[in-house]
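S.K.: The structure that follows is given in the form of structure tokens.
Throughout, read-outs are computed from the coordinates displayed, never taken from laboratory work. Worth saying up front: this structure is predicted, and the values here are computed from it rather than measured. Heads up, the Cβs are rebuilt from the backbone with ideal geometry, glycines too, and the neighbour counts pull from every protein chain shown.
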């Protein structure tokens, strides 16, 4: 069972679990608000520090590719991006863009003796992280947002999840009835992305 940290009110954010079979580096879960101190520091709970697999005593971060925020995690997250990048041909524009964002933007945030990490000043400036921030767990990674920007992002994500889940359920009902449902990009609501992409097999046969 995942263990929810109760130190959010004190500025700590919970990123971890009780260690029973949820992956090599655990899971980043829950969403917490934190007011940065004068040195841009956030306290990381001991249970998370013990779970992070990394060549150094800390976490990595870089500008998120998908949103205007900081993205971070442990060695497993970095290894995943390396695999994605290495699948592309050398010199491919997308590979170069990923290398610029991940390799070029990467910063190592080491834990100090109190278990804190210091957010890089350039990334704080880039995403307007000056006072209150939001730390949101996304499984094998976490994001750090400007509080106001995250409110808008969360609302849009909730709508996207609602629309995508409705499409997925509709496709499942049609499959049980022996029919099919067109889930091609042209039929999705604006901004629906690729949610439910795995259920669109057969749409070309209708």
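S.K.: Sorted by packing (mean other beta-carbon atoms within 10 Å per residue), highest first, where do 68-77, 89-98, 27-36, 104-113 land?
M.R.: Ranking, from highest mean packing down: 68-77, 27-36, 104-113, 89-98.
S.K.: While we're on this one: Please compute the length gained on full extension between residue 75 and residue 158, using 0.36 nm multiplied by the number of residues separating them and subtracting their Cα-Cα distance. Present the calculation step by step, with values, prior to reporting the outcome.
M.R.: Values: separation 83, 0.36 × 83 = 29.88 nm, distance 2.89 nm.
Once the chain is fully extended between residue 75 and residue 158, it gains 27.0 nm.
S.K.: Rank by packing, highest mean first: peptides 123-134, 146-157, with packing defined as the count of other Cβ atoms within 10 Å averaged across residues. Let's see the in-between values first.
M.R.: Working: 123-134: 17.2, 146-157: 14.7.
Highest to lowest by the protection proxy: 123-134, 146-157.
S.K.: I've got another one for you. Starting from the Cα of residue 97, step 7 Å along the direction of its Cβ; do the same at residue 132; then give the gap between the two resulting points in nm.
M.R.: With each label point 7 Å from Cα toward Cβ, the separation is 3.4 nm.
S.K.: Tell me, in nm to one decimal, what length is gained between residue 173 and residue 106 on full extension, where the rule is 0.36 nm per residue of separation less the Cα-Cα distance?
M.R.: 19.7 nm is the gain from fully extending residue 173 to residue 106.
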